[in-house]
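Here is the structure we will look at, set down as structure tokens.
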Amino acid sequence: MNKQGNVYTIIYIIVLVVVVGTALAFTSISLRSRQQANADADKMRQILASVRLTPASDEIISTYDAVVERSFVVDSQGDEENGDAFGINVAEQSKLPEAERKLPVFECKVADGSLKYVLPVYGAGLWGPIWGYVALDADGSTVYGAYFAHQGETPGLGAEIEKPAFSSQFEGKHLFKNGEFLPVAVVKAGQKPLGDEDYVDGISGGTITSKGVSSMLANCLAPYEAYLSKLSK
Amino acid sequence: MAEKTNNKTVFFNPFSKDNPVVVQILGICSVLAVTAKLEPAMVMGLSVIAVLAFSNVIISLLRSTIPVNIRIIVQLVVVAGLVVIVSQLLQAYAYDVSKQLSVFIGLIITNCILMGRLEAFAMGNRPWPSFLDGVGNGIGYTIILVIVGFFRELLGSGTLLGYQVVPDCLYEAGYENNGLMILPPMALIVVACIIWVQRSVNKNMQEK
């Protein structure tokens, strides 16, 4: 057969693509459960990090089971709905109108016996997505801890949001000021926001990432207002 | 290549005399990206060795059947398939590392070393020399990655493989990590230093 002919070429590439496609499908299916378990464990680690717990990698799941009392979904009216809070894709939810969002809440009991409410947030930095978890005290207003992560922010600049030096600034800040709901703002170091909301210092050289954190908090925490004001009563 | 069949040269040349990074100047992009820390640099190196060796063997086995006018596409399909498999394996068995390497594993596909070796060597040689060529070039690439990663992590973060090696007393005496080492430009400068050292040792390689 002529190896440079059109028929040979077409058959050759079809066979090749089918063989490679089968190999990929097989790999993907046989590894999927392991990958999902890794991704879940990573998510648990991030939730625990927001309540200031950093278990070793083999203790993540047991710590999570011990700390997280229950997880549930609320709507923007503050009422509980049916649904699997852990499986909710926060990235998709954060793009919906506020009234339609499904809002996961993870209720944690920390070492001193007090309840903390962990809320996921998701937004955009300079180069790609940023996300995190904010833990609130039982009053629904005081921030107990925060965890932020990013996909590809500039190392040494925007990427600093994942460092405790940045996220620990949020501890003790309030979401409600004089009964008004105002998410914590991130502003340039030394400046103040226009309103009277609580604020933390942004990262110098990471202005766009810092602003991203600020608008991520505003966008993702605002729908919880109804639920959180119920807690504060 | 006159020494086409000499397996020893095929394997050892890429370590220094014909190093893919510092002599052939291939695969520079990933050297800049993944060498801020030593660990991802090592995993990246191992992944490239694996992908390069297997794609070389597969292309070498197929070389007499591949229609000439679609040979680049065939090479790409094979490389892309292997890269996706490596990426899936990392996600399943080395999740943290796969998160750190993120897109760069996928970018092995575009690593010039791969296409370069497939086109220049595997298309014209038998599987065993091709395998050696792949492993050799992969190791040559890894050596550079590890050297660059070593200096960048040591000077930029004061750690090696995540363990602190710069003693606290030095920090107390006023020593500070060099933040510039973490940024990509310093990778280029470290690579340049390696090239400088290598050219000084092998005088015959100096460009006139």
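All of the numbers you see were taken from the coordinates with simple rules; none came from a lab. Small disclaimer: the values here were computed from a predicted structure and weren't measured. Virtual Cβ from ideal backbone geometry, glycine too; neighbours counted across all protein chains shown.
Provide a single number: the residues in region A:1-47 that are part of a helix (DSSP H, G or I), under 30 Å from B:I73 (Cα atoms) and basic (K, R).
1
Regarding region A:119-134, can at least one residue be identified that is in contact (Cβ under 8 Å) with a residue 60 or more places away in the chain and more than 26 Å from B:D96 (Cα to Cα)?
no
Might you let me know whether region A:72-82 holds any residue that is of a type outside the set (A, V, I, L, M), more than 16 Å from A:L221 (Cβ to Cβ) and crowded, with 17+ Cβ neighbours inside 10 Å?
no
A quick yes/no check of all residues on (1) touching a helix residue (DSSP H, G or I) at 6+ places or on another chain (Cβ under 9 Å); (2) more than 14 Å from chain B (Cβ to nearest Cβ); (3) among the charged types (D, E, K, R):
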| position | (1), (2), (3) |
| --- | --- |
| A:L31 | yes, no, no |
| A:E59 | no, yes, yes |
| A:E69 | no, yes, yes |
| A:V73 | no, yes, no |
| A:E100 | yes, yes, yes |
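Inspect all residues belonging to region A:48-69 and state whether any of them is surrounded by 12 or more Cβ atoms within 10 Å (Cβ to Cβ), part of a helix (DSSP H, G or I) and of a type in the set (F, W, Y).
yes
Going by the conditions given, is B:E119 surrounded by fewer than 17 Cβ atoms within 10 Å (Cβ to Cβ) and assigned to a helix (DSSP H, G or I)?
Working: surrounded by fewer than 17 Cβ atoms within 10 Å (Cβ to Cβ): yes; assigned to a helix (DSSP H, G or I): yes.
Considered against the rule, which asks whether it is surrounded by fewer than 17 Cβ atoms within 10 Å (Cβ to Cβ) and assigned to a helix (DSSP H, G or I), B:E119 comes out as yes.
Inside region A:92-127, can you point out the residues that are in a strand (DSSP E or B), over 21 Å from A:A149 (Cβ atoms) and touching a Leu at 6+ places or on another chain (Cβ under 9 Å)?
A:E107, A:K109, listed by residue number.
Within region A:157-207, work out how many residues are within 23 Å of A:S141 (Cβ to Cβ), in a helix (DSSP H, G or I) and hydrophobic (A, V, I, L, M, F, W, C).
Selection size over region A:157-207: 3.
Please work out which residue is farthest from A:M44 (Cα to Cα), limiting yourself to region B:51-110 and to residues that are more than 8 Å from chain A (Cβ to nearest Cβ) and among the basic types (K, R).
B:R63
Might you check whether a residue that is of a type in the set (V, I, T), surrounded by 15 or more Cβ atoms within 10 Å (Cβ to Cβ) and closer than 16 Å to A:L221 by Cα occurs anywhere in region A:176-187?
Taking every residue of region A:176-187 in turn, at least one turns out to be of a type in the set (V, I, T), surrounded by 15 or more Cβ atoms within 10 Å (Cβ to Cβ) and closer than 16 Å to A:L221 by Cα.
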